There are 2 protein chains.
Amino acid sequence: MTGRAPQTLQINLGDRSYPIVIGAGLLDDADVVTGHVTARDVLVVTNETVGPLYAARLLAGLAGKRVRTLELPDGEQYKTLAVLERVFDALIEARLNRDACVVALGGGVVGDMAGFAAACYQRGVDFVQVPTTLLAQVDSAVGGKTGVNHPGGKNLIGAFHQPRAVLSDLGTLRTLPPRELRAGLAEVIKYGLVDAADFLAWIEANVEPLLALDMDALAYAVRRSCEIKARIVAADEREHGQRALLNLGHTFGHAIETAAGYGEWLHGEAVALGMLLAADLSQRLGYIGTTDVARVRELLRRAELPTTAPAIGAALALDLMGMDKKVLQGRIRLVLLRQLGAGIVTGDYPAEALQATLRSHFEVAA
Amino acid sequence: MTGRAPQTLQINLGDRSYPIVIGAGLLDDADVVTGHVTARDVLVVTNETVGPLYAARLLAGLAGKRVRTLELPDGEQYKTLAVLERVFDALIEARLNRDACVVALGGGVVGDMAGFAAACYQRGVDFVQVPTTLLAQVDSAVGGKTGVNHPGGKNLIGAFHQPRAVLSDLGTLRTLPPRELRAGLAEVIKYGLVDAADFLAWIEANVEPLLALDMDALAYAVRRSCEIKARIVAADEREHGQRALLNLGHTFGHAIETAAGYGEWLHGEAVALGMLLAADLSQRLGYIGTTDVARVRELLRRAELPTTAPAIGAALALDLMGMDKKVLQGRIRLVLLRQLGAGIVTGDYPAEALQATLRSHFEVAA
């Protein structure tokens, strides 16, 4: 599929609108790269895993510009203020000014940190996302959320800062570890569950081609995912309302990630399990049936995603959920499923139902 | 003047509009305080100097809310990412959520850091400025610029984040060290030089009452300064154009502060000298006359502000200016004076003229 023309989607956010370009082999297309990275001074932020694989190819397309490259350590556990400081150091050492552009080449961690550095450096410079993981291509690179973790919780420190462009080269997924591909697939499943029953059915029919890196299937999955996210973000950039739908599974998932220690569970894995818990609670509230919950569980199983929680206990899980950003006035608002393909954001549920869901998943079996 | 009713100015920035309340004794007016700090959960960020003087009075007005107080060390040298992390730690320890409000009680350093923490915490929570220095009341608390320094330059890491309100209690200026009062006066003079010849003349006629803490004179100076800043910020919130006028003296001043080490020169002192250098360069370009430069020097002298630069050499000064945020495409754009009371932002001047200004001020006399 490498020869196929890339597709372009537009995110509509007024003067912060930007394109998402999706295709196999984009990295080697200098016209695409320089068409979107227009600054003369560029800092490419990548990591020690992705850099050796793709930085040289990206840099070839940036020939003629002043380009520096910074390699960060690889892993969610490095998404910290301390590591962020290295990005600032690199920007300042290179004496980059307000016209510079930061390019994030890597997965969600690289994109979140490079984007947050771009948001803060000189109170905001341009940045371009070149996501190389499925999770970043369908989710974290799109929508402008940037930030770092704190020992007290994920993504607690950050900014909304929209990229100038997102360049998603599907070819980079060929070197992605299968576990990370599956974690990205969790977010694809999320879009189906929360917004599009037809897309959910398409995913159910295409799990195996997606896991086998069929480029046609991936192109469709990435495009549909970005379309859904783009529409929701355009309507609610700063998450005052429906953007919270995109957090399906995330409140439960954050608790799992925090309890396990960053880096133990992949974000997408925690979200997958979190979606199953959201389905469980939705069923306890009578929104969906037990067969719907089973359908979610079966899809996750086929996608080789976790369906069993760590035995951290319901009390700790609840405590860790309480620190989440989506808490309003002490109430835990959650994304639940009114049906498969239609999410709702609500704090209107009995605490007992939530407790029952947590107990049924987080307690050690007797 | 304590009994006089406070004055309120409005900053017009669409859905980010906010009031500036100016008056002596505001801190003790619980109606004013709770009228603007409406959140239930509050983190008051102050420093070890201001906290013991005023925190208890502010907290009395916040009775009934859940309030934590964090005291930072006092001084520009602590305006760093490392100290900022303490603010994040306090927010997270207190488990504050998106509805919380950060209140900055102190001068420019406290306001910049508390504001930046509020900008980043959970990607943005409310904050209220309670400035207790003249510089903060007329400048840094107004306009939404927040951030921290980096060893490579001042304010290189930050965000635009507007406060919900600015509460300027003129009574707090009674405990301000005279040197800091004078530093604040430098920014008041800046507004006159850059935007308002009539205000400049008023300042010339009122330097002594201002230095003697005459509350009527201070109220007028703070109000006029905020009016000028509010108008310019409303027209250009993110400094794409005329907001840069407010940086008169700052590019030169940043070089002085960086060379001397943070904390050696007060910001306002460096700006004062920077304004004199800007006047010098404006005269070399034929915009203003030597009598105008002498008039600026005389006003600074009467305000007991520095008029002599440290002998760091013209080369280092230029180098340090080159790292400034106001650099565009390698050109050093400067704020100059077309006449006293009318600034311009320009990169259109011969490099030789800038060099001559730097040599005449930064070289050791033979």
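What to note about this one:
- Neighbours by Cβ (under 6 Å, 6+ apart or cross-chain): first from region A:269-281, without any contact (Cβ under 8 Å) to a residue 12 or more places away in the chain; second hydrophobic (A, V, I, L, M, F, W, C) and in a helix (DSSP H, G or I): none
- Verdict on B:Gln339 being open to solvent by 60 Å² or more (accessible area, probe 1.4 Å), at pLDDT below 85 and of a type outside the set (Asp, Glu): no
- Qualifying residue in region A:269-283 (condition: open to solvent by 30 Å² or more (accessible area, probe 1.4 Å) and of a type outside the set (A, V, I, L, M, F, W, C)): yes
- A search for C-beta distances below 7 Å between a residue of region A:283-308 that is of a type in the set (A, V, I, L, M) and any residue that is open to solvent by 60 Å² or more (accessible area, probe 1.4 Å) and outside any helix (DSSP H, G or I), counting only pairs 6+ apart in sequence or on different chains, returns A:Ile288/A:Gln339.
- On the stretch given as region B:61-86, residues that are assigned to a helix (DSSP H, G or I) and touching a residue at least 12 places away in the same chain (Cβ under 8 Å) total 8.
- Residue tally, condition open to solvent by 20 Å² or more (accessible area, probe 1.4 Å) and either at pLDDT 95 or above or in contact with a Cys (Cβ under 7 Å, 6 or more places away or on another chain) (or both), over region A:51-67: 9
- Region A:222-241, residues that are open to solvent by less than 50 Å² (accessible area, probe 1.4 Å), modelled with pLDDT of 95 or more and more than 14 Å from the chain's Cα centre (by Cα): A:Arg224
- Being at pLDDT 95 or above, surrounded by 24 or more Cβ atoms within 10 Å (Cβ to Cβ) and basic (Lys, Arg) is a condition met by no residue of region A:157-168.
- Residue that is nearest to the other protein chains (Cβ to nearest Cβ), among those in region B:68-80 that are in contact with a Leu (Cβ under 8 Å, 6 or more places away or on another chain) and surrounded by fewer than 20 Cβ atoms within 10 Å (Cβ to Cβ): B:Arg68
- Selection within region A:191-221 - open to solvent by 40 Å² or more (accessible area, probe 1.4 Å) and part of a helix (DSSP H, G or I): A:Asp195, A:Ala197, A:Asp198, A:Ala201, A:Trp202, A:Glu204, A:Ala205, A:Glu208, A:Pro209, A:Leu211, A:Asp216, A:Tyr220
- The combined condition, being free of Cβ contacts under 8 Å to residues at least 12 places away in the same chain and in the same structural domain as B:Val109 (by TED's automatic domain parsing), is fulfilled by B:Pro151.
- Residues that are open to solvent by 10 Å² or more (accessible area, probe 1.4 Å), touching a Gly at 6+ places or on another chain (Cβ under 8 Å) and small (Gly, Ala, Ser) occur in region B:131-140; there is at least one.
- Strands (runs of 3 or more DSSP E) wholly inside region B:87-190 that include at least 1 residues being within 14 Å of chain A (Cβ to nearest Cβ): B:101-106, B:126-131, B:145-150, B:153-160
The values are calculated or read from the model by the stated rules, or taken from the named source; none is laboratory data. As the structure is a prediction and not an experimental result, all values here were calculated from the model. Neighbour counts run over all protein chains shown; Cβ positions are idealised from the backbone, glycine included. Keep in mind that these areas ignore ligands, DNA and RNA; they rest on the heavy atoms of the full protein, side chains included. Shrake-Rupley method; radii C 1.70, N 1.55, O 1.52, S 1.80 Å.
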